[in-house]
Amino acid sequence: MSRIESTLSALKARGAKALIPFITAGDPHPSHTVGLMHALVAGGADIIELGVPFSDPMADGPTIQLACERALIHNTSLWNCCAMVAEFRKTDSRTPVVLMGYLNPIETRGLDAFCTLARESGVDGVLIVDLAVEEAPEFAPKVRSFGLDLIFLLAPTSSDARIEAIAREASGYLYYVSLKGVTGSASLDIDSVTAKLEQIRRHTALPVAVGFGIRDAESAAKVGAVADGVVVGSALVSQIEKHQSTPEVLPDLLKSQLAQMRAALDALN
Amino acid sequence: MIYENLPDARGHFGPYGGRFVAETLMEPLRELEAAYNMLKVDPAFRAELDKDLALYVGRPSPLYPAERLTKKWGGAQIFLKREDLNHTGAHKINNTVGQALLAKHLGKTRIIAETGAGQHGVASATIAARLGLKCVVYMGADDVERQSPNVYRMKLLGAEVIPVQSGTKTLKDALNEALRDWVTNVDDTFYVIGTVAGPHPYPMLVRDFNAVVGREVITQSQNQLGRLPDALVACVGGGSNAIGLFHPLIQYDEVKMYGVEAGGDGIETGRHAAPLSAGKPGVLHGNRTYVMADDNGQIIGTHSISAGLDYPGVGPEHAWLKDIGRVNYVSVTDDEALEAFHELTRVEGIIPALEPSHAIAYAKKLAPTMAKDQIIVVNLSGRGDKDIFTIAKREGISLL
């Protein structure tokens, strides 16, 4: 059983919801990322999604675009991201880490080389935003053969046939994008999320985390009531943006921001 | 593999093409593909499109014998496919007329587009005005500045032009922003992509709508010359005018083809926009193709005097045609393109856009290597009115 699976099944066993924060590696500077990851765990993170910066993040809103630009000023590469996870693993062998990004940096380095290094570095899963399941026939088995989970997105537009095809290739968990839009969008329609989650669960027993549009304890609680986990990204990254010139305050800030969502989720059971 | 059957059912040209987008867009792309496959064989849709191409765009465009240029260059006979004479002044309208008809049939009320030089933006705004559709055009902030006449044209036509400040502030960033708009407004919005890139089915349908150029060249060269040309030359940014000319003639092995990329300051300087000449396979904007990227897979900034060629990727069909050796991909520098711009203007009385000036510059190198009874067709994909400010500025001339 992978670290992601055991984490999520332990949470499920005690009726708790997964809190999954996202930050972009290298933002505001590569030297801060590992410290921020530990702060996220201290704030109640169950799994960390670590964004791999890309020059052309076409599915991301302005907040994460700017985070990528800040990280790329310092040339934060895919290899650097793996090194950060390895550093994080020195003192945390429990919290799963998922690398989330776009395909080109991985293809440039080569899938085998990437999977080997990711595995050695203690990465648990990979989410590639622009890798559709149709384009993954060779990709998914290869990633799994290295013991890495391949996490896929589902969207409001996903049909029954697509949900089924995606669930067949996915492992770890599924990430449901709560709205038609980019990361950092504001509106969250909990009724449509609830309905779509019912549809998804007819096709799969995998845990489903929901992201996009979760900004605070209130929206986390709403989504947590119907999903297996909540992903929060832009709300954290905008704090990093705001305090980029005084990064020493960020660990405590992110920790307390996340702790509020943790408390709201724990209040559900 | 029979070339004419590409792309395959999954949108692949050999290893290139495909559909690399976030999940939200997968189903809308599948719907678009299904609608297009149905409409393209629908006689009523074909008739509507043909009528628009004839009466609104002004097709067919002439195949013009550039006799003075031929004499000056002293080799093969130069013919210009006059796409610059189309309504709005470039080949881009062939595609926007087609996609706007698709949008109408799909019941979409709003179209969005990305643009580099502004020609595709103008062509989109034009057809939106004619069909009464709302139109939003994304344009890199740097391009807004260097192509201001086209920005004003779009506004006159009722389009909203949104300058894109992210990344390198050029065409690639405009494409990112248009994709973000589409993912957000997918219910009522049709994304009119301006080149043969993007996720399947765009490279196929943009090619099909531009292939009228190559079909006309076949008919015209047979009527005017009694045979097919020996060589075709077209500039390649994303590659829509080139594929439009090449595609119908691919089956004729005796016709040589040259795609001319933007060499900028010279390939050796690294300051260029020539992914086929100096890039490597990668994934950008929804398809696998040749891209300009660094060792970490980050897309790198491009440079060209021509905003329309200033793009780090290229249509996947071109990537395939390069690998199988059917088309020769070459490059010319900014300076060579500028020289060709002046030469065509002075010798033939035709002011070309900076994009096809690259094709003219390469034809100048090619012509003397061929016999006088041989024929080169150059796709003159757009007129140069939009570029006079750029050229004047570069040459230190104040127009105001």
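At pLDDT below 95, of a type outside the set (F, W, Y) and assigned to a helix (DSSP H, G or I): which single residue out of A:T63, A:T7 fits that description? Steps first, answer last, please.
On the way: A:T7 fails: at pLDDT below 95.
On inspection, the qualifying residue turns out to be A:T63.
Which of the following residues is buried (at least 24 other Cβ atoms within 10 Å of the Cβ) and more than 23 Å from B:D143 (Cα to Cα): B:N296, B:N287?
Being buried (at least 24 other Cβ atoms within 10 Å of the Cβ) and more than 23 Å from B:D143 (Cα to Cα) holds for just one of B:N296, B:N287, which is B:N287.
For B:R271, the conditions (1) surrounded by fewer than 23 Cβ atoms within 10 Å (Cβ to Cβ); (2) within 14 Å of chain A (Cβ to nearest Cβ) all hold with the exception of (2). Summed over segment B:341-356, the residues that are assigned to a helix (DSSP H, G or I) and either of a type in the set (S, T, N, Q) or within 20 Å of the chain's Cα centre (by Cα) (or both) give a count of 5. Comparison of B:A66, B:A34 shows that the only residue that is in contact with a helix residue (DSSP H, G or I) (Cβ under 7 Å, 6 or more places away or on another chain) and either more than 14 Å from chain A (Cβ to nearest Cβ) or at pLDDT 95 or above (or both) is B:A66.
Applying the selection to segment B:43-96, what residues are among the small types (G, A, S) and under 23 Å from the mean Cα position of the chain (by Cα)?
The answer is B:A54, B:G58, B:S61, B:A66, B:G89, B:A90.
A quick yes/no check of all residues on (1) under 26 Å from B:T115 (Cβ atoms); (2) surrounded by fewer than 22 Cβ atoms within 10 Å (Cβ to Cβ); (3) of a type in the set (G, A, S):
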| position | (1), (2), (3) |
| --- | --- |
| B:G11 | yes, no, yes |
| B:L25 | yes, no, no |
| B:Q77 | no, no, no |
| B:G89 | yes, no, yes |
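Among the candidates B:R288, B:R326, the residue that is basic (K, R), touching a Gly at 6+ places or on another chain (Cβ under 9 Å) and touching a residue at least 40 places away in the same chain (Cβ under 8 Å) is uniquely B:R288.
When A:L40 is tested against (1) within 8 Å of chain B (Cβ to nearest Cβ); (2) crowded, with 23+ Cβ neighbours inside 10 Å, only condition (1) is not met. Among the residues of segment A:209-230, those that are in contact (Cβ under 8 Å) with a residue 40 or more places away in the chain and farther than 11 Å from A:M261 by Cβ comprise A:A209, A:G211, A:A225, A:A227, A:D228, A:G229. On the stretch given as segment B:300-315, residues that are surrounded by 24 or more Cβ atoms within 10 Å (Cβ to Cβ) and within 10 Å of chain A (Cβ to nearest Cβ) total 2. Being surrounded by fewer than 23 Cβ atoms within 10 Å (Cβ to Cβ), aliphatic (A, V, I, L, M) and out of contact with any Phe, Trp or Tyr (no Cβ under 6 Å at 6 or more places or on another chain) narrows it down to one residue among A:A132, A:A220, A:A155, A:A186; which is it? Going through A:A132, A:A220, A:A155, A:A186 in turn, the sole match is A:A186. Any residue that is away from every other protein chain (no Cβ under 14 Å), farther than 28 Å from B:E31 by Cα and in a loop (DSSP other than H, G, I, E, B) - is there at least one of those in segment A:82-89? The answer is no; no qualifying residue exists.
Just one residue in the set A:A25, A:A45, A:A10, A:A18 is of a type outside the set (F, W, Y), free of Cβ contacts under 8 Å to residues at least 24 places away in the same chain and within 23 Å of A:G147 (Cα to Cα); that residue is A:A10.
With the requirement that a residue be closer than 17 Å to A:M261 by Cα and either facing chain B (nearest Cβ under 8 Å) or surrounded by 20 or more Cβ atoms within 10 Å (Cβ to Cβ) (or both), what does segment A:43-74 give you?
Quick first cut of segment A:43-74, residues closer than 17 Å to A:M261 by Cα only: A:43-49.
Answer for segment A:43-74, where residues must be closer than 17 Å to A:M261 by Cα and either facing chain B (nearest Cβ under 8 Å) or surrounded by 20 or more Cβ atoms within 10 Å (Cβ to Cβ) (or both): A:G43, A:A45, A:D46, A:I47, A:I48, A:E49.
Taking segment B:101-211 and the helices (runs of 4 or more DSSP H) fully enclosed by it, the elements with 2 or more residues that are charged (D, E, K, R) and at pLDDT below 95 are at B:141-146, B:171-184. Of B:D387, B:D373, B:D295, B:D335, all but one fail to be assigned to a loop (DSSP other than H, G, I, E, B) and more than 30 Å from A:V52 (Cα to Cα); the exception is B:D373. Among the residues of segment A:202-232, those identified as within 19 Å of A:L265 (Cβ to Cβ) and among the charged types (D, E, K, R) are A:R215, A:D216, A:E218, A:K222, A:D228. Of the residues in segment A:134-142, not one is modelled with pLDDT of 95 or more, closer than 25 Å to A:T7 by Cα and within 14 Å of chain B (Cβ to nearest Cβ).
Of all residues in segment A:89-107, exactly one satisfies the criterion of being free of Cβ contacts under 8 Å to residues at least 24 places away in the same chain and touching a strand residue (DSSP E or B) at 6+ places or on another chain (Cβ under 7 Å), namely A:E107.
The values are calculated or read from the model by the stated rules, or taken from the named source; none is laboratory data. A quick note: this is a predicted structure, and the numbers were derived from the prediction, not measured. Reconstructed Cβ throughout: ideal geometry from the backbone, glycine too, with neighbour counts over all protein chains shown.
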